[in-house]
């Protein structure tokens, strides 16, 4: 089997497991008032963690984390509205920095951190 295909399939499973685990942990946390959902689109390569719920009379909805898995095997971190170092977590799960693109940072900043640029 082609190595790029294998890596892409492995990365998709890692990302799906990651956002699902994060949603489950937050939904079972004591004192949690919000609902957390993992949105996984394997065929499109999109993975999101979002939160939503009511705080008094105000409805809250936020995309906390958004990953895109591109056909070239690069994992684009499009959004990280948490204090979690997702690049570190993904590295520990087997995705090297050279396959992670912090899409929300300018190309020059990506290079300085040892990340992929595209």
- At what distance in nm do the modelled label points of residue 111 and residue 13 sit from each other, each positioned 7 Å from its Cα along Cα→Cβ? 3.6 nm
- Helix axis angle, 3-27 relative to the chain longest principal axis, alpha carbon, degrees: 20 degrees
- Query: By count of other Cβ within 10 Å, fewest leading, how are 52, 22 ordered?
  - Reply: 52, 22
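Using only alpha carbon pairs under 8 Å that are at least six residues apart, calculate the relative contact order of the chain and give it in whole percent.
17 percent
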- Query: To the nearest 0.05, how large is the calculated FRET efficiency for residue 58 and residue 89 if R₀ is 25 Å and r is the Cβ-Cβ distance?
  - Reply: 0.25
- Gap separating the Cα centres of the stretch 38-55 and the stretch 67-115, nearest whole Å: 17 Å
- the stretch 3-112, convex hull of Cα, quarter of hull surface, nm² -> 7.7 nm²
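Values quoted throughout were computed directly from the atomic coordinates according to the rules given, and no laboratory measurement underlies them. Computed from a predicted model, the values in this text were never measured in an experiment. Ideal geometry is used to build each Cβ from the backbone, glycine not excepted, and the neighbour counts take in all protein chains shown.
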